[in-house]
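Engineer: First, the structure itself, so that you have it in front of you.
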Amino acid sequence: GPLGSALSTRFGARPVAMAGGLLSGLGLFLGAFATHLSHLYLSVGLLAGLGWALVFTPSLGTVGRYFPARRALATGLAVSGASVSGLALGPLVPWLLDTYGWRGALLLLAAITFNLVAASALLRPLPTPAESLGPPRERPGLARLLHHGPFLRYTLAFILVDAGYYVPFVHGAARAHEVGCDEGRAGLVMAAMAAVDGGGRVAAGWLAARPASPLLRHLFAWGVLTGLVLLLLPLGTSFGGLLTLALAYGFCAGAIVPLQFAGVAEVVGAGQLVHAIGLMQMFESFGSLLGAPFAGWLRDMTGNYTISFLTAGAFLLAGSLLILTLPGFFHTSRGASSKEGNPETPPRLPQDALEPPM
């Protein structure tokens, strides 16, 4: 994440994202010729993972700067693509494995992934933000963000959120089996949760574009709702009850995603958006990596998923409460915050910068 943001600041989002698309496709392609597990770590793990990071961070930061007035809606539409691809790949990958084997499946997935190069070429370069036109020593960057109090609290909030956020997605099928669902019904629970996730992303972005209240209040409300639904998941002791709660969780959890990234601009300003997204992703990955294994350990210790889901919900609520400490929460300014919370107006783009690329 930080590498992608630093490179895109230096060379622009378009070439960095195109390079990332090339690396991610190449990683999957080389993985098809692996003869040892370590080869997959290096190809699919390291090379493809690096490539995806170089695509995701610059692209999302650029979308956030394309539409300063409707940043949440634009981000919601952009990240909803992950839900669409997830639904498509769910049945596609098993079919590819059965038909072509794992090597053939990786080759075909590599062919799909190489399309990231063409998609990244459509990113139109943007003017340099006014707040980064000063002397080099005054330009905002990763070092400055590490001393930015509101940004550090925002990042800590999402470390906690991510510690609980992925638990239902990782352990949902096992929970369905625990309450007596067969393989088909367990798969339906997971598919339903993934399907409404995309709808939640678009709906939250659309609602946040309304000027009734600051974006951070929307983010706080969706975070609390997601945590509460997660606390209720142990009550789903039948297929119907679990499916209902899974639908509610998927929608609320999806709503958090676009507001999280759009909220970065509210905290640090649009000029630091790409840097901040990259750094935040690096730190919050600790929460997402630890949360699901910790929930699994609790399941092993207690014999069921009740404590696992209750703990995950507590993490989500704790992270949401930290959003209350951000300086932009209790006022209605749509601007961003300075280092200690003074509002700044995000740089506006010329009208022609928002025209479709030629």
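Engineer: Would you confirm, using the coordinates I've provided, whether A208 is hydrophobic (A, V, I, L, M, F, W, C), open to solvent by less than 10 Å² (accessible area, probe 1.4 Å) and over 23 Å from the mean Cα position of the chain (by Cα)?
Structural biologist: Working: hydrophobic (A, V, I, L, M, F, W, C): yes; open to solvent by less than 10 Å² (accessible area, probe 1.4 Å): yes; over 23 Å from the mean Cα position of the chain (by Cα): no.
When the stated conditions are applied, A208 does not pass them.
Engineer: Pick from segment 5-23 the residues that are open to solvent by 10 Å² or more (accessible area, probe 1.4 Å) and polar (S, T, N, Q): which of them is modelled with the highest pLDDT?
Structural biologist: So the residue we want is S8.
Engineer: Continuing with the same structure: Condition test on L40, is it open to solvent by 20 Å² or more (accessible area, probe 1.4 Å), modelled with pLDDT of 90 or more and either touching a helix residue (DSSP H, G or I) at 6+ places or on another chain (Cβ under 6 Å) or over 19 Å from I112 (Cα atoms) (or both)?
Structural biologist: yes
Engineer: Can you confirm whether L26 is open to solvent by 50 Å² or more (accessible area, probe 1.4 Å), farther than 24 Å from H218 by Cβ, at pLDDT below 90 and not in a loop (DSSP other than H, G, I, E, B)?
Structural biologist: no
Engineer: What number goes with the only condition from (1) open to solvent by 10 Å² or more (accessible area, probe 1.4 Å); (2) assigned to a helix (DSSP H, G or I) that N304 does not pass?
Structural biologist: Only one criterion in (1) open to solvent by 10 Å² or more (accessible area, probe 1.4 Å); (2) assigned to a helix (DSSP H, G or I) is unmet by N304, namely (2).
Engineer: Next question, about the same structure. Is there a residue in segment 253-273 that is more than 30 Å from A143 (Cα to Cα), out of contact with any Pro (no Cβ under 9 Å at 6 or more places or on another chain), among the hydrophobic types (A, V, I, L, M, F, W, C) and open to solvent by 20 Å² or more (accessible area, probe 1.4 Å)?
Structural biologist: No.
Engineer: I've got another one for you. Here are some conditions: (1) buried (at least 17 other Cβ atoms within 10 Å of the Cβ); (2) under 19 Å from the mean Cα position of the chain (by Cα). G49 meets all but one. Which one does it not meet?
Structural biologist: (1)
Engineer: Give me the helices (runs of 4 or more DSSP H) completely within segment 124-240, filtered to those with at least 1 residues that are modelled with pLDDT under 85 and basic (K, R), ordered by residue number.
Structural biologist: 142-145
Engineer: Hey, could you check segment 63-82 for residues that are of a type in the set (S, T, Y) and at pLDDT below 80 and say which is least open to solvent (accessible area, probe 1.4 Å)?
Structural biologist: Per the criteria, the residue is T75.
Engineer: Now a separate question. Going by the structure shown, is L225 open to solvent by 40 Å² or more (accessible area, probe 1.4 Å) and under 19 Å from the mean Cα position of the chain (by Cα)?
Structural biologist: yes
Engineer: Which pairs do you get when a residue that is among the basic types (K, R), found in segment 7-33, comes within reach of a residue that is open to solvent by 60 Å² or more (accessible area, probe 1.4 Å), reach meaning Cβ atoms under 8 angstrom, with the pair 6+ apart or on two chains?
Structural biologist: The qualifying pairs are R14/R124; R14/P125.
Engineer: Quick one: what pairs do we get from segment 92-105, first residue under 21 Å from A191 (Cα atoms), second in a helix (DSSP H, G or I), C-beta under 6 Å, 6+ apart or different chains?
Structural biologist: Short answer, once both residue conditions are applied: L96/A105; L96/L108; L97/A105.
Engineer: Spot the failing condition for A32; the list is (1) surrounded by 18 or more Cβ atoms within 10 Å (Cβ to Cβ); (2) within 30 Å of H275 (Cβ to Cβ), and only one is missed.
Structural biologist: In the conditions (1) surrounded by 18 or more Cβ atoms within 10 Å (Cβ to Cβ); (2) within 30 Å of H275 (Cβ to Cβ), A32 misses (2) alone.
Engineer: Please determine, by comparing only the residues of segment 83-98 that are open to solvent by 70 Å² or more (accessible area, probe 1.4 Å) and more than 21 Å from the chain's Cα centre (by Cα), which one is farthest from A13 (Cα to Cα).
Structural biologist: D98
The values are calculated or read from the model by the stated rules, or taken from the named source; none is laboratory data. Because the structure is predicted, anything quoted here is derived from the model rather than measured. Neighbour counts are summed over all protein chains in view; Cβ atoms, including those assigned to glycine, are modelled from backbone coordinates with ideal geometry. The accessibility values were calculated without ligands, DNA or RNA, using every heavy atom of the protein model including side chains. Shrake-Rupley method; radii C 1.70, N 1.55, O 1.52, S 1.80 Å.
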